Each structure stands twice: as structure tokens, then as C-alpha cells.
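Computed from the coordinates by the stated procedures, all read-outs in this text should not be read as laboratory data. What you see is a predicted model; the values in this text were computed from it and never measured. All Cβ positions, even for glycine, are placed from backbone atoms using ideal geometry, and neighbour counts span all protein chains on display.
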Amino acid sequence: MAKRVLLCPPAYFEVVDQKNPYMSGGPSVDREKAQQQWEALRSALEQAGCQVETIAPAPGLEDMVFAANQVFVGFHESIGKFIVPSRMVHASRQREVPFYVDWYRLHGFKIIEVDLGADRLEGHGDLLWHPDWSRIYAGYGFRSTQTGVEKFRDAMSNLGIPVVPLHLVDPYCYHLDTCFCPLNNEAALVYPGAYAPASLAMLSGFWKRVHQLTVDEAHKFMGNGIVANGTYLTPYVTPHLESILRQEGLAPVIVETSEFEKSGGSLFCMKAFLP
Ligand code: ARG
């Protein structure tokens, strides 16, 4: 069955403030180029056999194109497909959440509200499934808060899904999806410098093969790729990354994201896989 994936067109995409270190006054966004890059992502996903769904972009929500962050998407045999709405750090991003929640509600997803209080939780920016849905890795420190992740863990424990909290320490890896990418059930890409030592040790314990990215690879979003049907969509590739991918039976496919990198995001951030 084709993997379904949700994207949001970049009609109102812009860099208007500094939410992360990548957004610090470089050249402004080329809207036309951003649109072309987004179309190329859409075609690359379709080429890889994915069925692409879209949500309508809303004016004034400059980061809505980053479809990975507004909710956590899950599946459990006891309740079927569900989402956990995020509570985003930035006000403009928080306004994206209801649009996404409505989309998921309309598409038959159950909504699990976690009472986050003043805590933060940023969807698949920080929450990544093990590919076989057996466990969730949960980054905190810059966006999601430690207690936010703990409240999420308590909610998931009701479903019997273990959550592994991971302390992030590199501001250029402010979301877990910038320094961690599962390639299959046994192997993952990890940039070690992004984690507190105990978290790195814990994360490594869950994988037969941990492939380490260099700092340059990580900060160029090479760990923010998308695994789809034997390919790894990535904004750049190095000989080092290429050899890792080859060992794991994956072929790199370059999809440029220069405009979105100005906002601190790349391919993984721009989609949500749907169960
Ligand atoms: N400008 C966006 C922000 O700072 C980028 C989000 C990137 N998304 C991600 N999943 N890493 O919130």
C-alpha cells in the first residue's frame, strides 16, 4: 500500500523573526524558488510511491509549510489512528495548530489532548517513531520541554507505548529531527554532538547500527531526510553519507531546500506521514 503523506504548500512562507539560529538575517526567501523546491519535494515523494495529501496554507502563518510540527501522528491497534496536538513555543506557530487539528479530525483521526499546562511539545519536530511503531523517541531542551515530554510519555503509557526522553544540547539541532533519522528497524543516523551524554548512550542502545553524522552533515540537514521506498531524500549528500546509505540499501535522491533552510528546516520537517 502506498504511504500517505501530508504537505502544506508554501504560499505564505517567509522568514519574519528568529525562531532558531538559522534564521539570523541572511538573504531573504526567494518565494518562487521556494515554490519550485516544494513542488520538487512533492514529485520526489510521488516518484517514491507516496500518495500526497495537502492542507490549505493560511495567510500570516509563515511557517505552516513545516507540516511535521503541529501535531504528533500515531496509530495504535486499540484506538486506530490518532493525533496529539502540539503546544508550540512561538505564537505564530501556535496559530497553525487548530488548522492541522481540523484537517486530521476531518480525516478520521482521534484526538488525544495532553494537558500540557505551560509546557511545550512540538510534534514530529521532537517526537519520532521507531519504524515498527514500537516506541517513540522524544527530544527536549530547546522547543519541547522536559516536563512536556514527560506528560506526553504518561499519555502514551495508557496505550502501552514507551517514550524515550532525550536531552538536546546543540542550538543548531533544536529539534530531534535535525540530529536523528531512523533508516529502518535496526539502523539510524545520529549526530552525537547534539545530545547530553546519558541521552546519547540511551538512544544508541535501541539500535543495532548507529551511523554517526559529522557536525557539518547535521547542520546541513543531511539527518533531516525522508526514507521512502528504498530511497533517502536529502538536501545534500557527502561520500560518507552515501556509503552509510549504501550499507543500508538506500539510494540518495537530492531534493534542494535552500529556501526552507533559511528558516531552519528541510525535508523531514516539511511532511507528516499518515498511518
Ligand atoms: N522556522 C521553523 C521553526 O523554527 C522551522 C521548523 C522546522 N521543523 C522541524 N521539524 N525541524 O519553528
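If Rh is defined by the Kirkwood formula over all Cα pairs and Rg also comes from Cα, what ratio Rg/Rh do you get for the chain?
Numbers: Rg = 17.1 Å, Rh = 18.5 Å.
On the Cα set of the chain, Rg over Rh gives 0.92.
With just the Cα atoms of region 129-184, tell me how far they stretch along each of the three principal axes, in Å, largest first.
33, 29, 11
What is the fewest-to-most order of E53, E122 by other Cβ atoms lying within 10 Å of their Cβ?
Listed from fewest to most nearby Cβ atoms, that is E53, E122.
Give me the one-decimal Kirkwood hydrodynamic radius in Å for region 31-176, with the sum taken over alpha-carbon pairs.
Numbers: mean 1/r = 0.0619 Å⁻¹.
The answer is 16.1 Å.
Rank the residues M23, M88, M270 as a footprinting-exposure proxy: fewest other Cβ atoms within 10 Å of their Cβ go first. Show your work: numbers first, answer last.
Numbers: M23 17, M88 23, M270 27.
Ranked by crowding around the Cβ, least crowded first: M23, M88, M270.
To the nearest 20 debye, what is the magnitude of the charge dipole of region 6-69 about its Cα centre, counting +1 on the Cβ of each Lys and Arg and -1 on the Cβ of each Asp and Glu?
Details: 4 positive and 9 negative charges, 16 e Å.
Charge dipole of region 6-69: 80 debye, to the nearest 20.
In the chain, what percentage of the DSSP-assigned beta bridges are antiparallel, given to the nearest 5? Each step should come with its number before you reach the end.
Working: 20 of 39 bridges.
Of the beta bridges lying entirely in the chain, close to 50 percent run antiparallel.
For region 1-71, what number results from the quotient of the Cα radius of gyration and 2.2 N^0.38 Å?
Numbers: Rg = 13.4 Å, N = 71, 2.2 N^0.38 = 11.1 Å.
Scaled against compact globular proteins, the figure is 1.21.
From the C-alpha gyration tensor of region 181-236, pull out the three semi-axes of the equivalent ellipsoid (sqrt of 5λ each), sorted largest to smallest, in whole Å.
For region 181-236, the semi-axes come out at 19, 15, 7 Å.
Counting helices only, and only those DSSP H runs with n ≥ 4, report the 222 nm mean residue ellipticity of the chain as the sum of -39,500 (n - 2.57) divided by its residues, in deg cm²/dmol to the nearest 500. Walk me through the intermediate numbers first.
Numbers: 8 runs with 69 residues, N = 275.
Mean residue ellipticity at 222 nm (helix-derived): -7000 deg cm²/dmol.
Isolated Cys in the chain by the 4.7 Å beta carbon test?
C8, C50, C181, C269
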